[in-house]
Each structure stands twice: as structure tokens, then as C-alpha cells.
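Nothing in this text is a laboratory measurement; each read-out follows from the coordinates by a stated rule. Computed from a predicted model, the values in this text were never measured in an experiment. Neighbour counts run over all protein chains shown; Cβ positions are idealised from the backbone, glycine included.
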Amino acid sequence: MYELYILDTCPYSIKVMNYFDENKIPYIKKNINENDNYAELLTFGGKEQVPFLYNPDKNIKMYESDEIIEFVSKNK
């Protein structure tokens with residue numbers, strides 16, 4: 001399952017979440033201001049940048065909202 005690291009106030013995060021929601025794509029939302037999500041973002045992605053798409057089962061790691069949407073749209 002996709003894990004999406006986001007910041008609720010980030011327009012790029014909102015863009016990706018809206019796409020996922022509108023297309024009924026299941027994902028786990030990980031707000032970097034909650035729990036250990038910020039540390040996870042740095043561990044898995046290496047950058048302080050959101051949105052960040054991560055799928056540990058398939059070793060998918062991806063930044064950039066347009067690239068995330070394009071990738072997910074091709075891999076539904």
C-alpha cells in the first residue's frame with residue numbers, strides 16, 4: 001500500500017491527496033507534523049520535502065506531485 005508523507009498546508013500535498021481520493025486509490029496519510037512521520041520521511045526519502053510517496057513492499061520512493069500522480073495513474 002502507498003504511504004503518502006504530507007503537510008496539510010502544502011498545496012502540492014493537497015493536490016496529490018485530492019487525486020488519490022477522487023480516484024479511490026487507497027493510501028496511508030502520514031502528516032510529517034504527527035508521530036514519528038518526519039523522522040520516517042528523512043529515513044526513507046532523505047529530504048525534507050513533501051509530498052513523498054513510499055511503498056515499502058515495492059521499494060517505490062518518489063517526490064514531486066506531478067510525478068507521483070503520473071506514476072499512480074499508470075499503476076492503478
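Structural remarks
- Axis of helix 65-74 versus longest Cα principal axis of the chain: the two differ by about 50°, to the nearest ten degrees.
- 3J(HN,Hα) along region 29-41, derived from phi through the Karplus expression 6.51 cos²θ - 1.76 cosθ + 1.60 where θ = phi - 60°, amounts to 7, 10, 6, 5, 8, 10, 6, 9, 5, 5, 5, 4, 4 Hz, with x in place of Gly and Pro.
- The amide H of ILE60, built 1.01 Å from its N in the peptide plane, has ASN55 as neighbours under 5 Å, considering only residues 5 or more places off or on other chains.
- Note on the chain: dipole from Cβ charges, positive end direction compared against PHE44, TYR5, PHE20; the farthest Cα belongs to PHE20.
- Its Cα centre serving as origin, region 6-62 has a Cβ charge dipole (Lys and Arg +1, Asp and Glu -1) of approximately 220 debye.
- Put in order of Cβ neighbour count within 10 Å, fewest first, the listed residues GLU64, GLU34, GLU3 become GLU34, GLU64, GLU3.
- Rounded tilt (10° steps) of 11-22 against the dominant C-alpha axis of the chain: 40 degrees
- Among the listed values (i) 48; (ii) 61; (iii) 68, the one matching percent of Cα pairs over 15 Å apart as calculated from this structure is (i).
- For TYR2, the residues whose amide H sits under 5 Å from its own are ILE28, ignoring neighbours fewer than 5 places away on the same chain, with H placed 1.01 Å from N.
- The value of relative contact order for region 22-76, using C-alpha pairs under 8 Å at least six residues apart, is 20 percent.
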